[in-house]
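The values are calculated or read from the model by the stated rules, or taken from the named source; none is laboratory data. Computed from a prediction, not measured in an experiment: that's the story for all the values here. Cβ atoms come from the backbone with ideal geometry, glycine included; neighbour counts cover every protein chain shown.
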Amino acid sequence: MCGIVGAVGTTDVVGVLLQGLQRLEYRGYDSCGLAVHRGAPLADAPWPSERGLVRARSTARVAELQAQVQADGLRAATGIAHTRWATHGAPAVHNAHPHVSRGPGPDAAQRAPRVALVHNGIIENHEALRAELQARGYVFESQTDSEVIAHLIDSLYDGDLLAAVRAATARLHGAYAIAVLHHDEPQRLVGARAGSPLVLGIGSATDGPVPHYLASDALALAGVTDRIVFLAEGDLVDMALGRYRVVGADGRALDDAARPVRVVELGSQDVALGPYRHYMQKEIFEQPRALADTLEGVEGIVPELFDDHGIRSRAAWRVFGETDRVLILACGTSYYAGCVARYWLESIAAVPTTVEIASEYRYRDSVPDARTLVVTISQSGETADTLAALRHAQSLGMSHTLTICNVATSAMVRECELAYVTRAGVEIGVASTKAFTTQLAALFLLTLVLAQAKGRLSAEDEARHLRAMRHLPLALQAVLALEPQIIRWAEDFAAKEHALFLGRGPHYPIALEGALKLKEISYIHAEGYPAGELKHGPLALVTSAMPVVAVAPNDALLDKLKSNLQEVRARGGVLYVLADADTHITSGEGLHVIRMPEHYGTLSPILHVVPLQLLAYHTACLRGTDVDKPRNLAKSVTVE
Ligand code: F6R
């Protein structure tokens with residue numbers, strides 16, 4: 001999804017801007033661009049002959065933008081850059097950011113840009129603003145909602161960029177993170193955020209003024225600085241050479257205590273592909289390590305496991321003691337992790353649990369309950385719908401909040417009372433894999449903590465569950481060794497256009513996740529169903545052209561599932577069954593069985609999802625799709 005990088009320094013910042021964009025590439029984008037101000041002297045180069053705001057944009061990759069910029073010899077000490085994921089207006093150069101305003105009037109096109117702006121988010125009242133600005137003589141070059149902000153700032157500018165941005169943002173409805181340059185203030189960069197993330201980075205200099213940076217994600221600044229100020233909702237930041245000032249929504253300057261500088265670990269993010277063909281494949285194979293890291297240091301079941309993310313002091317004991325119910329809010333794959341957890345929370349901890357898609361919850365009338373623990377699950381920690389659902393729950397008076405999140409520096413972690421930060425490592429493939437299995441591990445820990453708080457976890461059970469969790473990385477290695485058999489299944493699937501995935505109990509969400517993985521990266525239409533629901537409708541779809549995948553662990557529902565599979569076979573459906581070794585389901589005519597290495601009991605969803613990830617991956621490879629960046633999708637969905 002869209003990304004922002006900005007910088008104000010004394011030396012050339014173009015390299016920093018491009019490197020930042022490259023670090024954000026994995027989130028998905030369809031165009032990119034940058035604008036620099038050449039009106040200030042460079043400490044390490046002669047004063048440029050062409051002054052003012054200069055822009056470069058591309059609908060190709062950031063590498064192409066880089067080549068373009070290098071060919072033009074673009075160097076400057078102040079600049080902003082952007083990767084765009086189209087929402088308003090097609091992916092095209094004229095819609096790519098930065099957008100500029102050249103002021104009003106019919107001759108505007110001949111004038112040099114006065115304002116340059118990059119924007120993440122969606123402006124809901126852009127049509128009304130566009131009409132108003134057009135009536136005042138502004139000429140629009142793009143179909144985007146973002147361009148209105150550039151013209152609005154220009155119309156309000158009276159010698160002070162911060163004042164103009166403040167006045168403009170007061171008129172915006174919707175979500176935004178913006179970074180703005182003005183022709184008349186070459187060493188100034190102003191940012192603002194509401195609903196979309198934005199951070200300030202503080203650089204270092206041996207002599208001379210310290211450079212400052214702006215980014216939509218601290219990761220964009222890895223290798224540049226690890227000293228980060230997280231801007232809060234409604235904040236504006238005014239950056240000039242060697243100094244910055246954060247201003248709150250009410251216009252008052254905020255001191256270091258209100259917006260502290262944090263040192264964040266960014267350098268350790270491993271983004272090298274190594275021997276793998278795609279990031280998704282790498283991330284599937286990283287799962288044993290990701291699980292081991294996520295569970296590292298878990299010696300026993302204690303509430304403090306959810307307390308330890310160093311932002312504020314926490315009160316996990318009190319929160320779990322006061323929890324009567326759990327409400328899980330999440331989107332996509334993270335939502336399916338929540339659906340698995342519901343089975344665990346109700347059967348092991350006996351805590352009534354509801355799981356809800358965040359984008360639905362945030363807009364419906366619901367009945368709040370102060371003794372409900374609101375749990376958000378998010379890989380990125382910046383998903384707009386999940387954040388909005390969290391804030392909605394808080395606004396209804398539900399103050400006990402906990403997040404399971406893969407990014408320690410994310411808004412989700414900052415805004416929740418408790419957190420468990422999974423250590424999957426940066427996930428670059430758009431299709432979530434290692435984030436999902438580590439979320440499940442964290443959710444199982446949450447189940448055990450709540451079971452303990454409710455007096456439902458004996459010391460023997462605790463020891464047994466912990467043993468099983470510690471064995472997960474090894475068990476996963478054995479599952480990954482099934483890859484050659486999965487590739488044979490993928491060869492059948494690559495030629496299909498539809499597929500059904502069946503499961504029961506906690507493996508029903510695994511079936512949903514298997515279907516989601518297949519559809520998003522191979523573009524095969526796939527649906528997940530609880531196997532018992534088959535005869536209530538979807539059985540009508542079953543023919544030899546519709547492969548049916550069944551997740552068949554040896555659990556209490558196995559016999560029921562076997563009957564469901566008979567129903568499929570009797571209609572000529574071809575079955576692909578992931579069966580535990582002791583299920584006595586064997587391959588035969590129209591029935592392909594892969595045996596899972598061992599029966600894993602309660603934690604089996606964590607293992608059964610892995611062959612489904614591999615099936616989607618290899619099917620997509622055989623169909624030649626862009627596995628890591630499937631069409632129309634972005635990694636971090638920071639807009640509604
Ligand atoms: C699917 C996928 C998405 C995300 C969803 C939520 O493979 O990755 O469905 O799970 O967009 O994202 P996070 O977990 O970052 O909140």
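Could you tell me whether region 101-113 includes any residue that is surrounded by 22 or more Cβ atoms within 10 Å (Cβ to Cβ) and either at pLDDT below 95 or aliphatic (A, V, I, L, M) (or both)?
Checked against the condition, which is being surrounded by 22 or more Cβ atoms within 10 Å (Cβ to Cβ) and either at pLDDT below 95 or aliphatic (A, V, I, L, M) (or both), region 101-113 yields no hits at all.
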Those residues of region 585-619 which are part of a helix (DSSP H, G or I) and either within 12 Å of the ligand (Cβ to nearest atom) or of a type in the set (Ser, Thr, Tyr) (or both), in sequence order = THR602, SER604, VAL609, LEU612, GLN613, ALA616, TYR617, THR619
Qualifying residues in region 363-389 (those that are acidic (Asp, Glu) and over 20 Å from LEU219 (Cβ atoms)) - the one nearest to the ligand (Cβ to nearest atom) | ASP385
For LEU466, which of the numbered conditions (1) surrounded by fewer than 23 Cβ atoms within 10 Å (Cβ to Cβ); (2) within 14 Å of the ligand (Cβ to nearest atom); (3) under 20 Å from GLN287 (Cβ atoms); (4) more than 15 Å from the chain's Cα centre (by Cα) fails to hold?
-> (2)
Across (1) over 18 Å from VAL609 (Cβ atoms); (2) more than 16 Å from the ligand (Cβ to nearest atom); (3) in contact (Cβ under 8 Å) with a residue 24 or more places away in the chain, HIS392 clears everything bar (2)
Pairs returned, first residue in region 160-172 that is closer than 19 Å to SER196 by Cβ, second residue that is buried (at least 17 other Cβ atoms within 10 Å of the Cβ) and of a type in the set (Phe, Trp, Tyr), beta-carbon separation under 8 angstrom, 6 or more apart or interchain, are THR169/TYR176
Close pairs (8 angstrom Cβ cut-off, 6 or more residues apart or separate chains): within 11 Å of the ligand (Cβ to nearest atom) in region 513-531, hydrophobic (A, V, I, L, M, F, W, C) and in a loop (DSSP other than H, G, I, E, B) anywhere = LYS517/ALA431; LEU518/ILE524; GLU520/VAL430; GLU520/ALA431; GLU520/LEU633; ILE521/VAL430; ILE521/ALA431; ILE521/VAL627
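In region 535-558, is there at least one residue being within 13 Å of the ligand (Cβ to nearest atom) and farther than 19 Å from ILE606 by Cβ?
Scanning region 535-558 turns up no residue that is within 13 Å of the ligand (Cβ to nearest atom) and farther than 19 Å from ILE606 by Cβ.
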Pick from THR437, THR422: which is surrounded by 21 or more Cβ atoms within 10 Å (Cβ to Cβ), more than 11 Å from the ligand (Cβ to nearest atom), among the polar types (S, T, N, Q) and touching a residue at least 60 places away in the same chain (Cβ under 8 Å)?
-> THR437
Would you call HIS507 modelled with pLDDT of 95 or more and more than 16 Å from the ligand (Cβ to nearest atom)?
-> yes
Do the conditions hold for ARG27, that is, is it at pLDDT below 95, touching a Cys at 6+ places or on another chain (Cβ under 9 Å) and surrounded by 20 or more Cβ atoms within 10 Å (Cβ to Cβ)?
-> yes
Please give the helices (runs of 4 or more DSSP H) falling wholly within region 334-415 in which 2 or more residues are more than 30 Å from LEU557 (Cβ to Cβ).
-> 384-395, 411-415
State all residues of region 197-221 that are part of a loop (DSSP other than H, G, I, E, B), modelled with pLDDT under 90 and not polar (S, T, N, Q); if no residue qualifies, say none.
-> PRO197, ALA205, ASP207, GLY208, PRO209, ASP217
Residue count, region 22-38 (criterion: in contact with a strand residue (DSSP E or B) (Cβ under 8 Å, 6 or more places away or on another chain), part of a loop (DSSP other than H, G, I, E, B) and small (Gly, Ala, Ser)) = 0
LEU446 meets each of (1) away from the ligand (no atom under 11 Å from the Cβ); (2) under 17 Å from the mean Cα position of the chain (by Cα); (3) not small (Gly, Ala, Ser) with one exception, condition (2)
Working carefully through the options VAL62, VAL118, find the one that is within 28 Å of VAL16 (Cβ to Cβ) and at pLDDT 95 or above.
-> VAL118
Just give me the residues in region 317-333 being modelled with pLDDT under 95 and either in a helix (DSSP H, G or I) or in contact with a Phe, Trp or Tyr (Cβ under 9 Å, 6 or more places away or on another chain) (or both), in sequence order.
-> TRP317, ARG318, VAL319, PHE320, GLY321
Quickly run through region 425-434 and pick out the residues that are near the ligand (Cβ under 8 Å from one of its atoms) and surrounded by fewer than 24 Cβ atoms within 10 Å (Cβ to Cβ).
-> VAL430
For region 109-118, indicate whether the set of residues that are over 20 Å from SER636 (Cα atoms), of a type outside the set (Lys, Arg) and free of Cβ contacts under 8 Å to residues at least 24 places away in the same chain is non-empty.
-> yes
In region 112-133, how many are outside any strand (DSSP E or B) and within 17 Å of ALA56 (Cα to Cα)?
-> 3
